[in-house]
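**Q** To start, I am sharing the structure in question, which I have written as structure tokens.
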Amino acid sequence: MKEKKGIKIAVENRRARHEYHIEGVYEAGLALVGTEVKSLRGGKGNLQDAYAVVKDGEVWVNNFHISPYEQGNQFNHDPKRPKKLLLHKAEIRKLQVLQREKGYTLIPLKVFFKEGLAKMDLAVAVGKKLYDKRQDIAERDAKRKIERVMKNRENEA
């Protein structure tokens, strides 16, 4: 589990930034059962194919897999059950409007614990085309090459 300024990151979706253009990010609370929280604290979650939808004025995350807790026995949860996100009504309305627009998707970026509460960063995103992905990779490689050359120059001087 990574830690940033009192925030412990439990699970991260690294592929999301590669697969999508991120338009905006919302921080939402997660409504979880006890064994889900314990599993997440152990880093036993997977956001790979997860996505969010707005249904009946509520936001739900689908395909967010949280592994069953080892000591949970009969109290364990269903690993792929839909999880409810806790957002303000105004934010939900904005997300609902954006979701209806062509091409917009709600993608979870990371799950973290802030002041003991489970939170999720939810991104409003547009899928990238193959040429966009190639361009991003080329830019990243060029940036690394420049940094490498600059570092070598500093070492020579």
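Every number here is computed from the coordinates shown, using simple stated rules; none is lab data. These figures come from a predicted structure and were not determined experimentally. Using ideal geometry, Cβ is built from the backbone for each residue, glycine included, and neighbour counts are taken over all protein chains shown.
**Q** Mind checking whether some residue in the stretch 108-131 is assigned to a loop (DSSP other than H, G, I, E, B), within 19 Å of Ile7 (Cβ to Cβ), small (Gly, Ala, Ser) and under 19 Å from the mean Cα position of the chain (by Cα)?
**A** Applying the first criterion (assigned to a loop (DSSP other than H, G, I, E, B)) to the stretch 108-131 yields 115-116, 128-129.
From the residues that got through so far, the ones that are within 19 Å of Ile7 (Cβ to Cβ) too are 115-116.
Imposing the further condition that a residue be small (Gly, Ala, Ser) reduces the set to 116.
In the following step, the residues that additionally are under 19 Å from the mean Cα position of the chain (by Cα) were identified as 116.
Yes - at least one qualifying residue is present in the stretch 108-131.
**Q** Would the stretch 65-73 turn up any residue that is within 15 Å of the chain's Cα centre (by Cα) and within 24 Å of Tyr26 (Cα to Cα)?
**A** Narrowing the stretch 65-73 to residues within 15 Å of the chain's Cα centre (by Cα): 65-66.
With the extra rule that they be within 24 Å of Tyr26 (Cα to Cα), the set shrinks to 65-66.
Yes; the residues of the stretch 65-73 include at least one that is within 15 Å of the chain's Cα centre (by Cα) and within 24 Å of Tyr26 (Cα to Cα).
**Q** Would you say Lys110 is in contact (Cβ under 8 Å) with a residue 60 or more places away in the chain, closer than 14 Å to Ala50 by Cα and of a type in the set (D, E, K, R)?
**A** Details: in contact (Cβ under 8 Å) with a residue 60 or more places away in the chain: yes; closer than 14 Å to Ala50 by Cα: yes; of a type in the set (D, E, K, R): yes.
Yes; evaluated as a whole, the condition is true for this residue.
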